[in-house]
Amino acid sequence: MSKKSRTHSEFEIYSTCEGGVPGLVQVSEPLHRDIMAALRDRNLSTTEISEALGKAQSTLSIHLDALVNMGLLKSVPDEKDSRRKIFSRSCTEVAYSKDCCKDGIAESKRLLAESISNPDTFHKFLIRAFLMNSDGKGLSISPAMKVIGGLLGDTLFGKHKPSGLEGAIELLQDFYERNGLGEVCIYTFMPLTIIVRDDYDFEYMTDSVAKFSHGVFERVLSKATGETYAVTSAEIFGTGNNYYKFILEPS
């Protein structure tokens, strides 16, 4: 499966706890979601947002001001032209709506039934059952899982301080193996393509577990190399939906 589309999302949920007034904000207005998507990876001026979305600047102005007032965006004067503003996110995406799916709910029940008498798998399956049940009921928390993965990456790097790309990958391979998170393989180096093989097969596919790995790898590789690595492409494959393949590139 390729990177998930948001075309069927009816709303997104953002946390403003690290910005101004703390809280959770639901964004359901389509143009607001388009603006937030345009600013996901970089900061943009009103002109650049207008070009990206094909909307007039006069139309965007009201909506940008609304997002600033909601605590989702912030703006600063453009250093090259003080008449222009540069907009950036001042929030963290934590979840978004998706189509409900009975398969996700059924898979969560299956996992719980299989693991309830096995202490070796219970906690691992409990987390996956929670993610699949949330997905099945129409709420994906994959953005929050990526944030958690990033926090883990910070902790891993702070404790071991690997040097360079190879040192970071060796650390992650060892960490995943020791903690039963799966086998980490390098598919190619140019571009850097990672495949994580989960130890368990799943009948329902959710990208929340994969997004956790995205966060871990992005953070450790960025800190170890001094460059900002980001996942640029991702897919889940295999008959057991247990292979997570993603490409990491420095931006």
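Filter segment 1-15 down to the residues that are at pLDDT below 95 and within 17 Å of the chain's Cα centre (by Cα) and list them by number.
First pass over segment 1-15, keeping only residues at pLDDT below 95: 1-10.
The answer is Met1, Ser2, Lys3, Lys4, Ser5, Arg6, Thr7, Ser9.
So that you can scan it fast, the table gives a plain yes or no per residue for (1) at pLDDT 95 or above; (2) outside the structural domain of Asp207 (by TED's automatic domain parsing); (3) over 25 Å from the mean Cα position of the chain (by Cα); (4) under 16 Å from Asp201 (Cβ atoms):
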{"residue": "Ser108", "(1), (2), (3), (4)": "yes, yes, no, yes"}
{"residue": "Ser117", "(1), (2), (3), (4)": "no, yes, yes, no"}
{"residue": "Asp120", "(1), (2), (3), (4)": "no, yes, yes, no"}
{"residue": "Phe125", "(1), (2), (3), (4)": "no, yes, no, yes"}
{"residue": "Val147", "(1), (2), (3), (4)": "yes, no, no, no"}
Query raised in the report: How many of the residues in segment 36-63 are of a type in the set (Lys, Arg) and either loosely packed, with under 13 Cβ neighbours inside 10 Å or assigned to a helix (DSSP H, G or I) (or both)?
Result: 2
Requested in this report: Check Phe157, Phe87 and return the single one that is over 21 Å from Asn242 (Cα atoms), outside the structural domain of Asp34 (by TED's automatic domain parsing) and of a type in the set (Phe, Trp, Tyr).
Outcome: Phe157
Report task. Search segment 26-65 for residues being more than 29 Å from Glu249 (Cβ to Cβ) and of a type in the set (Asp, Glu), and hand back the single one that is nearest to the chain's Cα centre (by Cα). Result -> Glu29
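Within segment 213-234, can one find any residue that is in contact with a helix residue (DSSP H, G or I) (Cβ under 9 Å, 6 or more places away or on another chain), assigned to a loop (DSSP other than H, G, I, E, B) and touching a residue at least 40 places away in the same chain (Cβ under 8 Å)?
no
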Query raised in the report: Yes or no: Tyr200 more than 21 Å from the chain's Cα centre (by Cα) and in a loop (DSSP other than H, G, I, E, B)?
Result: yes
Report task. Could you check, for segment 101-120, whether at least one of its residues is charged (D, E, K, R), in contact (Cβ under 8 Å) with a residue 60 or more places away in the chain and in contact with an Asp or Glu (Cβ under 6 Å, 6 or more places away or on another chain)? Result -> yes
Query raised in the report: Quick check, is Val68 farther than 22 Å from Gly215 by Cβ and not polar (S, T, N, Q)?
Result: yes
**Report entry** Condition check for Thr193: hydroxyl-bearing (Ser, Thr, Tyr) and assigned to a helix (DSSP H, G or I)
**Finding:** no
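The values are calculated or read from the model by the stated rules, or taken from the named source; none is laboratory data. What you are looking at is a predicted structure, and each value in this text was computed from that prediction instead of being measured. FYI the Cβ positions are ideal-geometry reconstructions off the backbone, even for glycines, and counts take in every protein chain you see.
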